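Participant: Structure below; questions to follow.
The values are calculated or read from the model by the stated rules, or taken from the named source; none is laboratory data. Please read all numbers here as calculations on a predicted model, not as lab measurements. So basically every Cβ, Gly included, is an ideal-geometry build from the backbone, and we count neighbours across all protein chains shown. Quick note on the areas: whole protein, heavy atoms, side chains included, nothing else; ligands and nucleic acids left out. Shrake-Rupley method; radii C 1.70, N 1.55, O 1.52, S 1.80 Å.
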Amino acid sequence: MLVSKLYAPTLREVPAEAEIPSHKLMLRAGYMRKTATGMYTFLPLAQRVLKKIENIIREEMDAADGQEILMPILQPSELWKESGRWDAYGGEMWRIKDRHGHDYCLGPTHEEMITFLAHMDINSYRQLPLNLYQIQDKFRDERRPRFGLMRSREFIMKDAYSFDIDEAGLDKSYEKMYQAYTDIFNRCGLYFRPVEADSGAIGGNGSHEFMVLADSGEAEICYCKDCNYAADTEKAEFKAIETEPEEMKERQKVETPDCKTIEAVCDYLQLPVEKSVKAVAYTSNKGLILCFVRGDHQVNETKVANTAGVPEIDMAPAEMLEAAGTHGGYMGPCGLDPEKVIVICDQSVMKMHNFCCGANEEGCHFINVNPGRDFTPTYVADIRLMQEGDPCPHCGGKISKARGIEVGQIFKLHDKYSASLGATVLDEAGRSIPMQMGCYGIGVGRTMAAAVEQNNDKDGIIWPVEIAPYHVIIVPVNIKDETIREKAFSIYGELQKAGIEVILDDRDERPGVKFKDADLYGFPLRITLGKKTLQNGQLEVRTRKTGETVLLPADDYIARIREMLGGLKK
């Protein structure tokens, strides 16, 4: 490819809408263009990267006995109603009607469709195990599309679905996909970590996310340096904190003027924060939810939504609190009407004794509150958010935190969909049983963006060799110089014949412009052709990742180029 013919319009200024490196650089380098909020057109360079990622995925999925299919994007509502997700999925689902008034959705995922397919054709244990996958666009009406490809409304996903006769078979399929994903992301040249994760709207029990570690990551992960434990903060679980038994004291209401934070209350009452309980209020499709955790802990909203059985939650407005008989800054679990509010207490709260909390009255708190005697919550659950320095739930070591970008997630669905949609088979005894299912997704566009987030500098993108759109760019300093021009095209042809993906900047531009664009594009190697080096029978080859420059013989360089590219692979 010649740069003069390449459709990759670069930008010198950072687009105002772009906030993170991948969004800024992929717009600036001419990899994509915004069509509408959360929707992007991929230009030729991005398309080459996407195809390379897709090919790696296909090779590893096929090696793990996956079979590629292609299902419709448009899905009938009947299937989603049978699974119970038509109303439960939430506002992210794009719902449409045809001319006859029938309801459909643009597929955000394909569990229902694949289960319906299996229901039609799979009827015996002899046909299992089975793993089917596709690479296709998905649609989700994100409330706040942002960060370019990280949270968009239309995106490319590889989704796979396994079918097994029993739990042991599902475990094997899950482990096979875990290893396939590890191989995929290693081949993409990414530094990543698998972490325990919440299953979210997909459902099921048992999940891992594959997180590319990057400072700009949207998600936070917790990990232990003393063992292999790692989890998304949404999933990280705790055991209830046991406290020493105490004699139960009489509950008292005390005035706490202008004490609306847990710090202010504890300071005013001269109590340690560990003897306090704080509240967070949410609104949901089931009404008001009040959550209570120990004063020095934080609320995990994902755990709250899962405990309450709601698709999403938002902060509750003041008028909603007043209607339920409480006030912001003074909320407590005592005396609440279960008809008006769902009360969720963290499991550690239920182990506390004689603690202070809001009295649901402006300017007042209770002291000496005890669970059981003074209140009974709707739910008791682990709703705590893991913090840096918390004890590891596996070995007791100290938890550390890092930021990550989710590029893939695997789930054990068990019979969540097969039971509701009638996807059954006959086992060896002739009994009809629901198949055990797993599902496995990779965000193809997110993987591309994550690679940029992890590999960039002030000058532009630094592509891993495995997914770079081109491996080498040839930059003639002066394309009008006949000697330089002839040598540039000669090298271009020889690299092509050698199977090395190469692009030649044949534009009549200043060297500085070409160098800036080459760095912005992010190709792994740059061959610079100047009059002096050619007169000395040499080529100047620069590694984009390290900035290291070497001189190679102008008539014997192919093997060395291959070696340099091989050395850049992870």
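Participant: Output the number of residues of region 217-256 satisfying the condition of being touching a Cys at 6+ places or on another chain (Cβ under 6 Å), open to solvent by less than 90 Å² (accessible area, probe 1.4 Å) and over 30 Å from Val452 (Cβ atoms).
Facilitator: Number of matching residues: 1.
Participant: Also, I was wondering about something else. Restricting attention to region 297-352, and to residues there that are among the small types (Gly, Ala, Ser), part of a helix (DSSP H, G or I) and touching a residue at least 12 places away in the same chain (Cβ under 8 Å), which single residue is most open to solvent (accessible area, probe 1.4 Å)?
Facilitator: Here the residue is Ala323.
Participant: Need at least 2 residues that are buried (at least 20 other Cβ atoms within 10 Å of the Cβ) and touching a strand residue (DSSP E or B) at 6+ places or on another chain (Cβ under 8 Å) per element, so show me which helices (runs of 4 or more DSSP H) inside region 511-570 make the cut, counting only ones lying wholly within it.
Facilitator: Per the criteria, 511-521, 558-568.
Participant: Now a separate question. Tell me whether region 366-374 contains one or more residues that are closer than 30 Å to Met150 by Cβ and hydrophobic (A, V, I, L, M, F, W, C).
Facilitator: No, region 366-374 contains no residue that is closer than 30 Å to Met150 by Cβ and hydrophobic (A, V, I, L, M, F, W, C).
Participant: Is it fair to say Ala429 is assigned to a loop (DSSP other than H, G, I, E, B), over 32 Å from the mean Cα position of the chain (by Cα) and hydrophobic (A, V, I, L, M, F, W, C)?
Facilitator: yes
Participant: Also: If the Cβ limit is 8 Å and pairs must be 6+ apart or interchain, which residue in region 125-140 that is closer than 20 Å to Phe42 by Cα and among the acidic types (Asp, Glu) pairs with which residue that is open to solvent by 20 Å² or more (accessible area, probe 1.4 Å) and outside any helix (DSSP H, G or I)?
Facilitator: Asp137/Ile73; Asp137/Glu154; Asp137/Phe155; Asp137/Ile156; Asp137/Met157
Participant: Ok, one more. Could you please give the count of residues in region 69-92 that are open to solvent by less than 30 Å² (accessible area, probe 1.4 Å) and not in a helix (DSSP H, G or I)?
Facilitator: 6
Participant: Continuing with this model, one more query. Ala180 passes all but one of (1) farther than 27 Å from Gly389 by Cα; (2) in contact with a strand residue (DSSP E or B) (Cβ under 6 Å, 6 or more places away or on another chain); (3) at pLDDT 95 or above; which number fails?
Facilitator: Unmet for Ala180, out of (1) farther than 27 Å from Gly389 by Cα; (2) in contact with a strand residue (DSSP E or B) (Cβ under 6 Å, 6 or more places away or on another chain); (3) at pLDDT 95 or above: (2).
Participant: Quick check on region 257-276: of everything there that is in a helix (DSSP H, G or I) and farther than 14 Å from His297 by Cβ, which residue is least open to solvent (accessible area, probe 1.4 Å)?
Facilitator: My answer is Val265.
Participant: Quick check on my filter: what residues within region 1-36 are open to solvent by 70 Å² or more (accessible area, probe 1.4 Å), assigned to a loop (DSSP other than H, G, I, E, B) and over 30 Å from Ile491 (Cα atoms)?
Facilitator: Glu13, Val14, Ala16, Glu17, Glu19
Participant: On to the next question. Specify the residue that is modelled with the lowest pLDDT; the eligible residues are those in region 187-201 that are under 18 Å from Thr302 (Cβ atoms) and open to solvent by 20 Å² or more (accessible area, probe 1.4 Å).
Facilitator: Among residues in region 187-201 that are under 18 Å from Thr302 (Cβ atoms) and open to solvent by 20 Å² or more (accessible area, probe 1.4 Å), the one modelled with the lowest pLDDT is Ala201.
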